[in-house]
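The values are calculated or read from the model by the stated rules, or taken from the named source; none is laboratory data. Just so it is clear, the model here is predicted, and its values are computed rather than measured. Heads up, the Cβs are rebuilt from the backbone with ideal geometry, glycines too, and the neighbour counts pull from every protein chain shown.
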């Protein structure tokens, strides 16, 4: 499949997705939202994809929604934004619930929907020059793209309120300190470091990664006993999977495990 607004490549189990609207600061329009949804479906369905790396082209990660395009919608604005968020939210939901881990490499400004997309990743690396801001209310808008779900869980309600109500800009170092992202990397090293991490994950036990993602997504809504029952069922299923058997045997025999994602 070809994409209008993304670069998409798969090699050795790793899918690389690059937001590719450099002339518009990689801002999100209807085409990009739909492209992201279709890419997420492929990542969720293709058994050859065992990890995903998402980044942006040029010096911007994503400047948020394409407000110039939104301005042209006129009387259809409400309906068109519901359509765009349908695609965007479908993409984020699938990325969050698929087995392959999603690594996000934030190569520049992540604002508005860019912030939402960035922090929805399973592991997030940022260039030292990157910056994070909610930005929605500066345009009289409210957040979308999952940020009201992920951000309070990552940094707490009080800091989420500050970020979204004041549009405070966080440097990459502040984003790490707040717990919004995992690691800061020098700009010139970001692509290499993010790909190394993603390729390491692509060689790992994909189904076990998916089990971790599922349980962490549900942990804030399940009571203790429910969560432990899910843990029991998950570890039982993983132990009888091909990779589970391989991992146990490799540990016992003091050798490196050869995971295949099965």
- Query: Which residues, taken from the range 70-99, are touching a strand residue (DSSP E or B) at 6+ places or on another chain (Cβ under 9 Å) and more than 30 Å from residue 205 (Cα to Cα)?
  - Reply: 81, 84
- Considering only helices (runs of 4 or more DSSP H) wholly within the range 133-190, the ones with at least 2 residues that are touching a helix residue (DSSP H, G or I) at 6+ places or on another chain (Cβ under 7 Å) and over 17 Å from residue 109 (Cα atoms) are 147-155, 157-166
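Answer with yes or no whether residue 197 is without any contact (Cβ under 8 Å) to a residue 12 or more places away in the chain and over 20 Å from residue 62 (Cα atoms).
Working: without any contact (Cβ under 8 Å) to a residue 12 or more places away in the chain: no; over 20 Å from residue 62 (Cα atoms): yes.
No.
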- Message: Exactly one of these conditions fails for residue 32: (1) under 26 Å from residue 164 (Cα atoms); (2) part of a helix (DSSP H, G or I); (3) touching a residue at least 40 places away in the same chain (Cβ under 8 Å); (4) in contact with a strand residue (DSSP E or B) (Cβ under 8 Å, 6 or more places away or on another chain). Give me its number.
- Response: (3)
- Message: Residues that are farther than 15 Å from residue 5 by Cβ, modelled with pLDDT of 95 or more and buried (at least 18 other Cβ atoms within 10 Å of the Cβ): does the range 53-60 have at least one?
- Response: yes
